[in-house]
Amino acid sequence: MSKIYFISIDEISGERAFYTFVDLSKKLNFNVSQNSKAFGGKVNRYEGLLMLPCILKVNIKDISKISIEILITTHQLHPNQDEKLIDIMNLINIKIPQENLVLYVKQEEFEVLTNNKVLLQSIQEYFERYFMALKNYIKSVQENLFGEQDILNYFKSNPKLALEFKRKIRGDIEIIKANRPDIVESWKYYQEFERMCEEMDK
């Protein structure tokens, strides 16, 4: 390895993430998705999206020979680089609980939807209920997540563990400090962790 690149969280968060990876792709010679939406949302799914991707199968044998399967996923899980799938979010026009959610269908399925108002309305009504239930579920999951302050409180109650953790990460922290001290300085909760450990060492 000839060079290590140190990247701050800000550089890979939100809209900046796409431009950061475009820049890195030029330096490191790798291909990057041109779908900027794939970089704009959260990659992790622990906030209530662990069930994704999933498929809604729509039975329309009485309407068309084509069976419709709606892929419920995120831009991160399915960047859709070849653009073979069509996003129907604008078609059903429903508010979604997270911006990175997407609904995909194939081209022939999209044509069936656009040409059948009754079917489209049924799907709209279904996803209104689905997204409302998903919104409530996401809220419930988020309310029960452990945050940074919870971890700090745990370390405060377990000083031996806190000092052992500090020892384990010391080498990595020193490397980052030597190359990008601004990154470490921007870590609010790590700075608090350092101060806590200093008090424990006294």
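The values are calculated or read from the model by the stated rules, or taken from the named source; none is laboratory data. The model shown is predicted, which means the values in this text are computed figures rather than measured ones. Note that we place each Cβ from the backbone using ideal geometry, even for glycine, and neighbour counts take in every protein chain shown. Quick note on the areas: whole protein, heavy atoms, side chains included, nothing else; ligands and nucleic acids left out. Shrake-Rupley method; radii C 1.70, N 1.55, O 1.52, S 1.80 Å.
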Worksheet, complete the sentence: Between residue 169 and residue 128, the FRET efficiency computed from the C-beta separation at R0 = 35 Å comes out, to the nearest 0.05, as 0.15
Response to the item:
Asserting the computed 222 nm helical MRE of the chain (DSSP H runs at least 4 long, -39500 (n - 2.57) per run, divided by residue count, to nearest 500) equals -16000 deg cm²/dmol
Response to the item:
Expected unfolding gain across residue 34-residue 143 under the 0.36 nm per residue rule, minus the alpha-carbon gap, is 35.8 nm
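Taking the solvent-accessible surface of protein heavy atoms with a 1.4 Å probe, what is the per residue accessible area of the chain in Å²?
Working: 14030 Å² over 202 residues.
Each residue of the chain exposes 69 Å² on average to a 1.4 Å probe.
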Worksheet, complete the sentence: From most to least accessible, 1.4 Å probe, no ligand or DNA/RNA atoms counted, 172, 182 line up as 172, 182
Item to complete: Would you mind computing, in nm to one decimal, how far apart the modelled labels at residue 136 and residue 115 are, each placed 7 Å from Cα along Cα→Cβ?
Response: 3.8 nm
Worksheet, complete the sentence: Labelled set (1) 61; (2) 55; (3) 67; percent of Cα pairs over 21 Å apart computed from this model equals the value at (3)
Worksheet entry | Among 162, 173, 147 the positive-end extreme of the charge dipole of the stretch 145-195 (Cβ point charges) | 162
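Pairs 84/135; 37/57; 139/168; 135/188; 117/139: which are spaced more than 31 Å apart, C-alpha to C-alpha? Provide the component values of the computation, followed by the final result.
On the way: 84/135 28 Å; 37/57 25 Å; 139/168 34 Å; 135/188 29 Å; 117/139 33 Å.
Table pairs above 31 Å Cα-Cα are 139/168; 117/139.
Counting other Cβ atoms within 10 Å of each Cβ, which trypsin sites (Lys or Arg not before Pro) in the stretch 1-31 have at most 11 and sit in a DSSP loop? Provide the component values of the computation, followed by the final result.
Details: sites: 3, 16, 26, 27; in loops: 3.
Within the stretch 1-31, the qualifying trypsin sites (Lys or Arg not before Pro) (loop, at most 11 other Cβ atoms within 10 Å) are 3.
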Worksheet item: Using the eigenvalues of the Cα gyration tensor, what equivalent ellipsoid semi-axes result for the stretch 90-202 when each is taken as the square root of five times the eigenvalue, whole Å, largest first?
Response: 50, 18, 10
Worksheet item: With contacts defined as alpha carbon pairs under 8 Å and 6 or more residues apart, what's the relative contact order of the stretch 59-202 in percent?
Response: 17 percent
Item to complete: Multiply the residue gap between residue 106 and residue 177 by 0.36 nm, knock off their C-alpha separation, and tell me the result in nm, one decimal place.
Response: 20.7 nm
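Considering only protein heavy atoms and a probe of 1.4 Å, how much of the accessible area of the chain is carbon and sulfur, as a whole percent? Could the numbers behind the result be given before it?
On the way: 7180 of 14030 Å².
Roughly 51 percent, rounded to a whole number.
Of 89, 200, which has the most accessible area with a 1.4 Å probe, and how do the rest follow in descending order?
So the residues, ranked largest to smallest area, are 200, 89.
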